[in-house]
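Each value in this text was obtained by applying a stated rule to the coordinates, not by laboratory testing. Every value quoted in this text rests on a predicted model; they were computed, and no experiment measured them. Neighbour counts run over all protein chains shown; Cβ positions are idealised from the backbone, glycine included.
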Ligand SMILES: *Cc1c(COP(=O)(O)O)cnc(C)c1O
């Protein structure tokens with residue numbers, strides 16, 4: 001079956017008692033056992049069945065199975081936010097004295113997780129230019145526990161050569177972990193590019209229009225200790241498993257992910273082309289534009305779509321604020337891949353707590369507005385932007 005079919009038709013692990021077509025929300029915390037031996041077998045992992053919803057829940061497991069079916073992963077673990085999924089992977093792979101090789105171009109909270117939170121536990125973040133393979137090679141050593149990258153960085157929209165970095169990491173037995181939030185896994189195979197584990201903020205494309213928070217770790221089983229640590233240690237000792245209500249919403253979201261994504265990506269491309277013509281906009285950054293420096297590489301790796309996030313640059317921060325204030329249809333809000341189009345000024349919000357120097361290092365500029373393109377008619381979006389610029 002193709003991915004779009006699997007997104008809807010992945011069979012339930014166990015037939016529902018009432019043959020419900022969509023997996024019910026099992027809000028139960030604990031599950032009863034027929035006898036003490038079975039209870040012992042489940043608790044000790046000899047038999048797979050839910051026992052306690054911090055570590056296993058039928059509704060959440062159903063979402064995990066669907067994602068497993070689509071991606072061909074060996075295991076998928078659902079967390080209650082993207083950040084919970086990302087921190088779980090780092091905690092599973094790292095320990096005092098180890099280092100993580102990554103970039104300064106990344107989501108703000110991941111950056112501060114690496115450079116301040118994990119630093120307190122003796123884990124070093126080695127941030128370098130991931131587009132430069134030689135530079136990455138110089139950073140790797142025997143204490144490197146993973147190479148971590150975003151497939152399309154938020155908000156810089158940088159794309160790296162994943163195949164080259166995976167080959168480099170694998171030569172030294174180091175896993176490559178990729179945040180694939182910006183292009184859904186229905187579009188491309190991260191495993192085929194050499195990614196050992198994907199982390200996704202399912203809050204974004206998968207939730208189905210900003211219905212709920214969630215995060216996924218998609219483990220391809222190519223780096224053995226990861227899956228074991230996630231299920232056998234992280235959920236037990238740290239918690240942060242996805243809630244059944246969120247899993248239900250995200251399963252419904254996953255069923256229509258491909259349909260929504262196609263419209264959003266097409267809208268983004270069309271809008272990016274139109275915005276390039278407007279004189280008030282100094283620069284439009286969208287990987288789907290043929291003159292974008294990452295266009296060819298992105299096409300090779302992720303296929304013909306380039307996501308639904310665009311950034312535009314105006315003359316000044318004041319011009320950005322003025323435009324954002326005048327928007328009538330587009331919402332002033334964070335988040336990505338809502339059904340509605342959203343606008344935010346990253347430098348003063350998501351990156352507002354960083355110093356000017358840190359923002360410079362991260363290439364987060366005062367003149368940039370980030371747009372997440374929704375399902376509206378492109379003409380209405382363009383009209384709104386034009387009236388807001390004037
Ligand atoms: C939003 C986002 C996250 C964090 O996800 P949450 O679900 O908000 O915790 C991580 N990485 C990227 C690229 C994101 O856009």
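Some notes on this structure:
- Across the chain, the relative contact order, built from alpha-carbon pairs under 8 Å that are at least six residues apart, equals 16 percent.
- Distance from the stretch 29-76 to the stretch 205-237 (C-alpha centre basis), Å: 14
- Cβ-derived FRET efficiency at R0 30 Å, residue 117 paired with residue 41, nearest 0.05: 0.20
- FRET efficiency for the residue 355 to residue 49 pair, using the beta carbon distance and R₀ = 41 Å, is estimated at 0.20.
- Here the stretch 258-389 is treated as a sphere whose radius is the Kirkwood value from Cα pairs; by Stokes-Einstein at 20 °C and 1.002 mPa s it diffuses with a coefficient of 142 µm²/s.
- Quarter of Cα convex hull surface for the stretch 1-103, i.e. mean projection, nm²: 9.8
- Order by protection proxy (mean Cβ within 10 Å, highest first), peptides 325-332, 121-128, 174-181, 143-150: 174-181, 143-150, 121-128, 325-332
- Taking every alpha-carbon pair under 8 Å whose residues sit at least 6 apart, the stretch 258-389 reaches a relative contact order of 30 percent.
- As a rough footprinting exposure proxy, the listed residues 287, 29, 42, 364 were ranked by other beta carbons within 10 Å of their own, and the order from fewest upward is 29, 42, 364, 287.
- The calculated 222 nm mean residue ellipticity attributable to helices in the chain amounts to -10000 deg cm²/dmol, summing -39500 (n - 2.57) over DSSP H runs of n ≥ 4 and dividing by all residues.
- Largest-first principal axis extents of the Cα set of the stretch 3-255 (Å): 58, 37, 29
- Inter-label distance for residue 380 and residue 276, nm, one decimal - labels placed 7 Å from Cα along Cα-to-Cβ: 2.6
- For the stretch 61-170: span of alpha carbons on each principal axis (Å, largest first): 42, 31, 29
- Order of 23, 39, 242 under a 10 Å beta carbon neighbour criterion, fewest first: 39, 23, 242
- Histogram of C-alpha separations across the stretch 159-294, 5 Å bin width, %: 2, 9, 14, 16, 17, 16, 12, 8, 4, 2, 1, 0
- Shape summary: the stretch 73-128 maps onto an equivalent ellipsoid whose semi-axes, from the alpha-carbon gyration tensor, are 19, 14, 11 Å in decreasing order.
- Of the residues 116, 189, the one with the fewest other Cβ atoms within 10 Å heads the list, and the complete ranking is 116, 189.
- For the stretch 158-308: relative contact order, % (alpha-carbon pairs under 8 angstrom, 6 or more apart): 23
- In the stretch 113-225 the Cα-Cα distances spread across 10 Å bins starting at 0 as 13, 43, 36, 8, 0 percent of all pairs.
- Principal-axis tilt of helix 82-93 within the chain, Cα atoms, nearest 10 degrees: 60
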